[in-house]
Structure formats: C-alpha cells, structure tokens
Amino acid sequence: MKSFAGVAASPGYAYGPAHRLGQNIIVPERCVVANTEVPQQIERFKSAVDLAKQQIEKLVERLNLELGPGEADILSAQLLILEDEMVWDATLAVIRLERINAEAAFARAVGDIAARFLEMENETFRERVNDLHDVEQRVLRAFQGSEEVSLDLPAVPSIIVATNLTPSDTATLGRTNVLGFLMEEGGNTSHVAILARSIGVPAVVGLKSFLGIVDSADPIAVDGNTGIFIADPDNETINEFRRLQADALVKCEKLASLRDLDPITPDGHRIRLMANIELPVEVDEALARGAEGIGLLRTEYLYFQHNNIPTEDEQTSIYSDLIKTMAGKPVIFRTLDVGGDKVSDYLGAKREYNPFLGWRGIRFSLANRSLFRNQLKAICRAAVAGPVKIMFPMISGVQELRQAKEIYLEAVAELESEGKDFHHDLDLGIMVETPSAVLVADLLAAECDFFSIGSNDLIQYTLAMDRGNARVSYLYQPLHPSILRAIKTTVEAAHRAGIWVGLCGEMGSETRLAEVLLGLGLDEISLHGAALPKVKQVIRWTTLEEAEALVEKLMNAATAEEANQWLAQYIQDRKDKRQNKEY
C-alpha cells in the first residue's frame, strides 16, 4: 500500500478499480508543396476546421443533455478557438510563406500559441493550453477524414486514471461508471475538476509521474478532500473509505434539510447568506441550496461568453431574465471587472507586464465611459423586474467612487430623457479589495450604501503576492494578522457610518472560517452555492459571543501559522464536544 499527494480538485471519497485512459497523439508529417498547391492546402484547412466544428457541436448537444447547459460551455469555448483570427492568420501565413502542407502548418501555429500561453504566470492561461491541443488533435483527425477517437470507456464503476483529459474526453466519458479521477496534470480550474464537481465525484490532479505504478483494474482509493490517493489499499483502508462514503451521504441528506431554515445563531444574531454567480445556469443550484439572493453577480461573463460587446438592450434582456428567476430575492451586480488578467482584446484591454496592478476594474470602466454607462443603464432597466444593487470593483479611493457615481447619474439622466422604464434609485456599493480602500474606509463609507469585501484580491494586495503564481502561493493566508485586522477595520468603519458590509471572496466558502467571519461582524457572506449548507450549519450552532471570542484570540496571534493551528484545534475541540453531546 502506497500513498501519494496531489491537488484536491473535487471533494469526496471513492474506492474501486483503476481505468487507465491513453491518448493517441497525431504528429503530422511536414511536406513542402508547390506554389500552385497553396490554394488547395488552404481549402483543405478550411474543410478540416468545418468538420471539427460539426463534431464539437454534436458533443455540445450531448453534454447539454447529460450534464446540463452550464457544462457545455467547456466545449463551446473550443468553437471560439476554431474561429479565432490568431489561429487562422498564423496557419495561413505558414502555408503561404513556408509552402508546407496544411496540417503541419496548423500544428505549427497551435504550438507557437501554446508556447506563449505557457510562458504566462496566470494559471488560467496555462490550463487553456489543454483546449488548444484538444482542438489541434480534432482538426488533425479531420484532415485524415477520421471521426471521433473512441475512448475505452469503463465497463464497470471505476476511477479514471490519465495524464490529463481533454474537454472532448470528459464529454465522451460523461458520468457512466465514473467513481472519480486521478490526473498527472491539471489544477482546480481544469476541465476534469469542473466535470468532477459537476457530477459529484472526487478528483485528485497534479500527481506527477504516478502512472507507472497504476495499471487498469488495480484497486485504488481517492480522497478528494485532502488530495490523497492510495494505491493497493489494504482491507482496513478500504473499510475506512466505505465508512467515509456513508458518512458523507448522511451529512449531505442532513444538510439538505437546512435549505429553508434561517442562518441565525443560537443567541438570535442573523447573518445573510448569498450566492456568488458567474453564469446564469448556476442560479438554480444556488436557490436549491437556500441562497437568500445573489451577493456577487460577475457581469463580465456576458462579454467573454459572447466574445463581443453586448448592446444595452441585450444586457437588459439577460439581466431581467436572471432577476425574474430570483423571484424577489435581491441581486447585486458587480459592474464590468476586466483588464490585465481578464483580457478581451475587443474591449481594448491589453496584456500587461503586471496586470493585477494595471488597467483593470473601475479604472477600465472609467476610461470607457460609454461602455460603462450602457451597462449601468441596462442594470437600471432590468431592476424593474426585482430588487437590485450595484457595486463597483477595485475602488482605491473616494475620487474613483465619485467618478463612478457621476457616470451612474448620467445613465439615469439618459434613461429619463429617452422615456424608458427603469428603477430610479438603486443602492450603490463598492468592493473593498485594496489596502488603500481599507485605510480610507471611513471616507468611502460616507459616500456609498454598502461595502462588499473581495477577500481574494484583498489578501494578494495586502500580502504583496500573486495568487496565480505557484512559487508564492504559500503566502495566500486568510488568517494572516493583517487580513483579519483589515476586515475588522472595514466592518467597523461601515457600521459607524450606518451601512452594511458583506464579504464575497473565497474566504466565505471555507467552512472552517464561518465562525471567524461571523465574529468579525459581517452582515452578509456571499459564497459558492455548494458550500452554503455547511456554512449555514456552523452559524446555527455558534453564538455571536463565541464567534467574537474566537476572533479576538486569532487577532492576537503573531503569525498566520499560529492562527491556523489554534483554529484547527478549536474546531476539533468543538467537534469532540458535539460528538460527546456536551455541546
């Protein structure tokens, strides 16, 4: 029996036989062609791309039926790659200038683009290389007139083992006989991770060079909570995993009963639990988990998903449909947060040397007044369908807030002059994500209606670390004394000014931090829908007095390591007391 550690990409426990999936990679032969053959090669390229598009569209249709429309976005993105001018221009240039066959030219172009992505520090771009190579292999098969490569699907419930899986592979696999995933490559945002979380099975990725010790049919156990997998587990381990699976099922059933209960502490303190939403398809799951509204709607999805600038009417229609789905529950729209690390060339944002300190968030919107004003007009018009609030991202001081409010008033004035139906007086809040915003929180609170703390950026800016850089990822510490003090300072400034304050970063989805956020005095937590029941459970068994005492202890810790150790022991003691029925 051997144990190996990787990246925990999807929670849960699984035990069963391994099922290895191999990949047949096509490497095209490079052939020189005559000048007169260049037009023919270009036509061959266009035909192969058209065939690849048809295959992807079929897979999208299948994925819609099996996993829901949200998961089809994984493959829909590949259609955009096939239509990308960068891919087309690079391929055609190689065909014409080097006079080589179309398949070799295409492979060369994709290789160059992938190499540029791999040079980027941002993990999202690096993981998109898998999309590029998936598209490459699909088009190369199309050159050969081949249909889909048929995967050796598991005949019995198994744990899928591979170097990595392309989006096409995950779509082909679906959920049939899949107990879990083990991958040598990938991260938390890889397609395998997304699929695993969607179908509710554990996944461990980033396991370097482990394939040599696992063959098909070998018994293995996967712990997606800790990122551990065990090869050839003994009977004791197998029994333990079966117990963990049974316990997880019982807990899930118990948590489901919390859906319609309020997040109120035993001593009567209430805190709102909202959902973070990126795509409209996430709304139904959030409501099913008991979300009281949307605390963060990332509106940039609308721009990225359609790869163009949506009109005011298009935005109004989509926003209205989402608000109606919420059936009276509030929706907080974060205005467009684009630039630097979230590049869309058609919006005018360019890749920068240091994107997190560059032209992004409210800075981008203020420099694009017409685009910003149209979005604000669309939100105001959609607000007729239900309760809505607006918040501005990455505000660093009062001047930016005043400028944003000025454009909001321009949007309102335009709507009035146009005679359109809209909501006249929406609450305007800000994201507190920068140390400067914390230091002038009292000044900002005097000029807006609410705060929402973006803990992801607040942590990286305060601790001067890029959370996408693996070399410094260990510095991402939510319990660092500076972070706890920053949140506490922000909450106190808001309450002194008579406004409410929430948190919408990843801290909100960590169950272990639920009591901490309660004790810091937050009025609202916005989190992933899947994490909502567990956080609600913690709030319902913790008094406000206990949570405040916990925070006081943590804020006196000198280091994040001390705070983490103390919190872990505190949680274990509380768990022991509950199990012994002493608490």
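The values are calculated or read from the model by the stated rules, or taken from the named source; none is laboratory data. What you are looking at is a predicted structure, and each value in this text was computed from that prediction instead of being measured. Every residue, glycine among them, receives a Cβ derived from its backbone with ideal geometry; neighbour counts consider all protein chains shown.
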Fill in: In region 5-27, residue nearest to His133 (Cα to Cα) [restricted to those that are in contact with a Lys or Arg (Cβ under 9 Å, 6 or more places away or on another chain) and modelled with pLDDT under 85]
Ile26
Item to complete: Just give me the residues in region 205-235 being among the hydrophobic types (A, V, I, L, M, F, W, C) and either farther than 18 Å from Pro17 by Cβ or under 24 Å from the mean Cα position of the chain (by Cα) (or both), in sequence order.
Response: Val205, Leu207, Val222, Ile228
Worksheet entry | Pick from region 236-263, criterion more than 28 Å from the chain's Cα centre (by Cα) and of a type in the set (A, V, I, L, M, F, W, C), ranking: surrounded by the most Cβ atoms within 10 Å (Cβ to Cβ) | Phe241
Discussion item. Looking only at residues that are closer than 17 Å to Cys448 by Cβ and among the β-branched types (Val, Ile, Thr) in region 484-532, which one is surrounded by the fewest Cβ atoms within 10 Å (Cβ to Cβ)?
Written reply: Thr489
Fill in: Every pair of residues 6+ apart whose Cβ atoms lie under 6 Å, when the first sits in region 549-564 and is in contact (Cβ under 8 Å) with a residue 24 or more places away in the chain while the second is outside any helix (DSSP H, G or I) and surrounded by 20 or more Cβ atoms within 10 Å (Cβ to Cβ)
Val551/Leu520; Ala560/Leu479; Ala560/His480; Ala563/Leu479; Asn564/Leu479
Discussion item. Every residue in region 421-432 that is at pLDDT 95 or above and either charged (D, E, K, R) or not assigned by TED's automatic domain parsing to the domain that holds Cys504 (or both), please.
Written reply: Asp421, Asp427
Worksheet entry | Residue list for region 186-209, restricted to those being surrounded by 18 or more Cβ atoms within 10 Å (Cβ to Cβ), part of a loop (DSSP other than H, G, I, E, B) and at pLDDT below 80 | Gly186, Ser190
Worksheet item: Restricting region 154-164 to residues that are assigned to a loop (DSSP other than H, G, I, E, B) and either modelled with pLDDT of 80 or more or in the same structural domain as Ala48 (by TED's automatic domain parsing) (or both), which is nearest to Val214 (Cα to Cα)?
Response: Thr163
Worksheet item: Among the residues of region 550-564, is any of a type in the set (A, V, I, L, M, F, W, C), crowded, with 22+ Cβ neighbours inside 10 Å and closer than 20 Å to Leu296 by Cβ?
Response: no
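So that you can scan it fast, the table gives a plain yes or no per residue for (1) modelled with pLDDT under 75; (2) in a helix (DSSP H, G or I):
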site: Leu97; (1), (2): no, yes
site: Ala104; (1), (2): no, yes
site: Ala107; (1), (2): no, yes
site: Phe117; (1), (2): yes, yes
site: Glu136; (1), (2): no, yes
site: Glu148; (1), (2): yes, no
Worksheet item: Restricting attention to region 514-537, which residues are at pLDDT 95 or above, closer than 22 Å to Ala549 by Cβ and in contact with a helix residue (DSSP H, G or I) (Cβ under 7 Å, 6 or more places away or on another chain)?
Response: Ala514, Glu515, Val516, Leu517, Leu518, Gly519, Leu520, Gly521, Leu522, Ile525
Item to complete: Collect the residues in region 482-511 that are touching a helix residue (DSSP H, G or I) at 6+ places or on another chain (Cβ under 6 Å) and at pLDDT below 95, keeping them in residue-number order.
Response: Gly505, Glu506, Met507, Ser509, Thr511
Discussion item. Filter region 253-291 down to the residues that are under 14 Å from Glu524 (Cα atoms) and not in a loop (DSSP other than H, G, I, E, B) and list them by number.
Written reply: Ile264, Arg270, Arg272, Leu273, Met274, Ala275, Asn276
